[in-house]
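The values are calculated or read from the model by the stated rules, or taken from the named source; none is laboratory data. Every value quoted in this text rests on a predicted model; they were computed, and no experiment measured them. Quick reminder, even Gly has a Cβ in these numbers, built from the backbone with ideal geometry, and neighbours come from all protein chains shown.
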Amino acid sequence: MNIDEYMSYDATGLAKLVADEQVTPAELLDLARRRLREVNPAINAVVAETTRAANTQVGGDLSGPFAGVPFLLKDLSQEYRGYPTTAGCRALKDVVETENALVTDRFLDAGLVVAGKTNTPELGAKGVTEPSLWGPSRNPWDTSRTPGGSSGGSAAAVAAGIVPAAGANDGGGSIRIPAGCTGLVGLKPSRGLAPYGPQTGEPMFGMAVQGVVTRTVRDSAGLMDAIIGDFPLADYRAARPARPFAEIVAERPGTLRIAYSAHSAISGEPTPEARKSMEATAALLTDLGHEVTEIDPPYDDKALAETFLTIWFAQLAGQVAEIKERTGAGDSDFEADTLAMVEIGRANGVVAALRAIGEISGYTRAMDGFFDDHDYFMTPTIGQAPVEVGALDTPGPLQVGARLAHRLHGGKALLKTGIIDQMIEENLGWVPYTQMANLTGRPAISVPVYWTDEGLPLGTQFNGPLGSDGALLQLAAQLEEASPWIGRFPAQPV
């Protein structure tokens, strides 16, 4: 098998080749490593190789539905014993894990061969992957642009053909945004369906979930089957699907009622590309027999963004405090932007955080009412073509000011500058559609049914009611069959 042949298969296909003894796990690992050497210098997707552990895996007896398939873990909340989990943070660079995350164990139990760990923004705190520790990841479709975040390294690696699937997680769009930027499938599962721990319970008050980014819907279905299920530290237990997702996606849905909107109160009128993506996908869905209507959004996304960021800043303040206590790290071990967010969270105080958590029920009720009359809510995954690398960098003088404000506990002064409104407009303005699913615990999926006139992916997102993970995958499989994307690869990244 050569690299082109290797890249033509998804994870399910490679697993079958291994099972049929047409290729060995060692041969597949070698191909993944060769592809990594070819493209990683240009895209900076993989920040660490797990050479010793991977060699041990392919030298032993592998079993499971994906036995022998090369895979990458996200370097955030997917801990791997014997290796650091840096989370893109200098403070964690040399902290070696003593046990696996539960999701890592389930990836390994599925027979996946973990070849390395992928880049992520510091503590997963941004929608672009540009940590100062490792440097920026770049989009294989155009290396001047971002692959999104926070699972940007995973998405870039899969899109470039290093591996057919990779670990990801999602606290505000971190699976779907990178999938939307790089032409992949990204399911954000229902709350409580995939495991966290044992290092921690559910992060972000239950808003963050584990998952994968893949090139095909059947891979997303099969890999979710491999990782979902009960786990000891679950704060909530989601209902298991009655049948495996891999069976569900083999069937096609009946007529669905799908409403869509590209409008955002954050970014105003949708960009021409966002509107075109909705019109093209709506036409495809109509051709497939579904009832498709354009509507006004069922919630105020700017107000939702304020709620989301208030909770995000509060949890980040606690996370940084815990890292400092555990490692002895100082302020210099964190990026200025992280410290600014921490200081805002500290200045907001506990009352604002509790009020924001209480506001979630309003968005939940709004979506419950929406799903009384519709099956799915469709939006662009990203509001425009992927932004250029560095476009969202905080200017140097402001970084100095952020560090000073943190040191002097000047968060209240920061709040008076209108910094939260600025962060909403600049950092969420191009990705205003993804946070609702995290706040309300609902599943959502991004699928690559649209490319811009420049040849860049611009994913389409479907939000579903609670427990509709399998049905979302089923709809995605129908779209994949009608408009296949597995054969689309970017040119060699340079």
Meets criteria (part of a helix (DSSP H, G or I) and at pLDDT 90 or above) for L472: yes
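Restricting attention to the range 357-370, does a residue exist that is surrounded by 20 or more Cβ atoms within 10 Å (Cβ to Cβ) and either under 20 Å from C89 (Cα atoms) or basic (K, R) (or both)? First the steps, then the outcome.
Quick first cut of the range 357-370, residues surrounded by 20 or more Cβ atoms within 10 Å (Cβ to Cβ) only: 360, 363, 367.
Restricting the remaining residues to those that are either under 20 Å from C89 (Cα atoms) or basic (K, R) (or both) gives none.
No: the range 357-370 contains no residue that is surrounded by 20 or more Cβ atoms within 10 Å (Cβ to Cβ) and either under 20 Å from C89 (Cα atoms) or basic (K, R) (or both).
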Number of the exception - T216 against (1) at pLDDT below 95; (2) out of contact with any helix residue (DSSP H, G or I) (no Cβ under 6 Å at 6 or more places or on another chain): (1)
The range 326-350, residues that are modelled with pLDDT under 95 and more than 25 Å from the chain's Cα centre (by Cα): E343, R346, A347, N348, G349, V350
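Scanning the range 198-245 for residues that are polar (S, T, N, Q) and surrounded by fewer than 18 Cβ atoms within 10 Å (Cβ to Cβ), which turns out nearest to N100 (Cα to Cα)? Let's see the steps before the verdict.
Just the residues of the range 198-245 that are polar (S, T, N, Q), to begin with: 199-200, 210, 214, 216, 220.
Next, from what is left, pick out any that are surrounded by fewer than 18 Cβ atoms within 10 Å (Cβ to Cβ): 199-200.
Details: Q199: 9, T200: 12 Å.
It comes out as Q199.
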Pairs with Cβ under 8 Å, 6+ apart, first in the range 172-201 and within 18 Å of T118 (Cβ to Cβ), second buried (at least 24 other Cβ atoms within 10 Å of the Cβ) and among the acidic types (D, E): R176/D170; V185/D219; G186/D170; L187/D469; K188/D170
Those helices (runs of 4 or more DSSP H) lying entirely in the range 354-465 with at least 1 residues basic (K, R): 396-407, 411-416
L256, sole failed condition from (1) out of contact with any strand residue (DSSP E or B) (no Cβ under 7 Å at 6 or more places or on another chain); (2) surrounded by fewer than 21 Cβ atoms within 10 Å (Cβ to Cβ); (3) of a type in the set (A, V, I, L, M): (1)
Residue list for the range 146-180, restricted to those being farther than 25 Å from L14 by Cα and among the hydrophobic types (A, V, I, L, M, F, W, C): I177
Residues located in the range 441-475, provided they are surrounded by fewer than 24 Cβ atoms within 10 Å (Cβ to Cβ) and hydrophobic (A, V, I, L, M, F, W, C): V449, W451, L456, L466, A471
